[in-house]
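Any read-out appearing in this document is the output of simple, stated calculations on the displayed coordinates, not a laboratory observation. Not measured: the values here are computed from a predicted model. Ideal geometry is used to build each Cβ from the backbone, glycine not excepted, and the neighbour counts take in all protein chains shown.
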Amino acid sequence: MQSKVEAPCPQCHDEGSLSMLALNSEIPYFGEHTQITVMCDSCGWKHTDFIPSDGEKPGFSSIVVDSAEKTTARVVRSSSCTIRIPELDLEVSPGGSSSGYVTNIEGVIKRFEEAIMTVIRGNEDPGAGQIAEQILERLGLAKSGDEEIRVDLLDPRGRSQIIHKDAESRELSEIEEEGLETGPDVPVFEMG
Ligand SMILES: [Zn+2]
């Protein structure tokens, strides 16, 4: 169902150019949820998010990736979710234009690789490039399950989850929650 949104675009601040598409669907083991996409006709800004129907999920979801099979574990990542790979000291936090997506562990690793490559291209320092190359090599091995890494999702809004029988979920501790960003403020997402 598509509807107009009575709010200015967070990017271009145009009035009356936002519309919202809400779809109810079900992801096995994540459960029924509403996928909401908000689009701006003026500047092309687009934002997707997932709102679980049965209330919030535990804020912390984690898996040790030590086999190729585990790289296929499904990942639902909402716009308020921080992703960490502690072994490699990597973190992606939501930021102001973060959008939600559904992927698997391999897809998460690819996104880290792309982010690192963007950093390498913008950096002249050969020392930094060397460290980045080493991280890329280990991520490459992790994608085939040959380098053991842990992937953590931290979502203070409880809308993200790793779906696998060996994934662990728990509530976030207060200390963990304190330092986390919650992503862009899109008014319509607060209805759910
Ligand atoms: Zn706009």
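For the chain, find the longest principal axis of its Cα atoms and tell me its angle to the long axis of helix 126-143, 0 to 90°, nearest 10.
Here the helix axis deviates by roughly 80 degrees.
Give the cross-link partners of Lys110 among the lysines, using a straight C-alpha distance below 28 Å as the criterion and excluding same-chain residues fewer than 8 apart.
Candidates past the 8-residue exclusion: Lys46, Lys57, Lys70, Lys143, Lys165.
In the range 79-182, which GluC sites (Glu not before Pro) fall in coil by DSSP and have 10 or fewer other Cβ atoms within 10 Å?
Within the range 79-182, the qualifying GluC sites (Glu not before Pro) (loop, at most 10 other Cβ atoms within 10 Å) are Glu124.
Tell me the volume per residue, in Å³, of the convex hull enclosing the alpha carbons of the range 85-174.
That works out to 130 Å³ per residue.
What area, in nm² and to one decimal, does the C-alpha convex hull of the range 2-190 cast on average over all directions?
11.8 nm²
How far apart, in nm, are two points set 7 Å out from the Cα along the Cα-to-Cβ line at Ala22 and at Arg150?
That separation, rounded to one decimal, is 3.8 nm.
Kindly provide the GluC sites (Glu not before Pro) of the range 4-72 that DSSP labels as loop, not H, G, I, E or B, and whose Cβ sees at most 14 other Cβ atoms within 10 Å.
Listed in order of number, the matching sites are Glu6, Glu15, Glu56.
Sticking with the crude label model, points 7 Å out along Cα→Cβ, report the distance from Glu6 to Asp89 in nm, one decimal please.
Here the answer is 5.1 nm between the modelled labels.
Could you put Arg77, Arg150, Arg157 in order, starting from the residue whose Cβ has the fewest other Cβ atoms within 10 Å?
The most exposed by this proxy come first: Arg150, Arg157, Arg77.
So what is the calculated 222 nm ellipticity per residue for the chain, using -39500 (n - 2.57) for each DSSP H run with n of 4 or more, over all residues, to the nearest 500 deg cm²/dmol?
-6500 deg cm²/dmol
Between 0 and 90 degrees, rounded to the nearest ten: what's the tilt of helix 105-121 against the longest Cα principal axis of the chain?
With both axes taken from Cα atoms, the answer is about 80 degrees.
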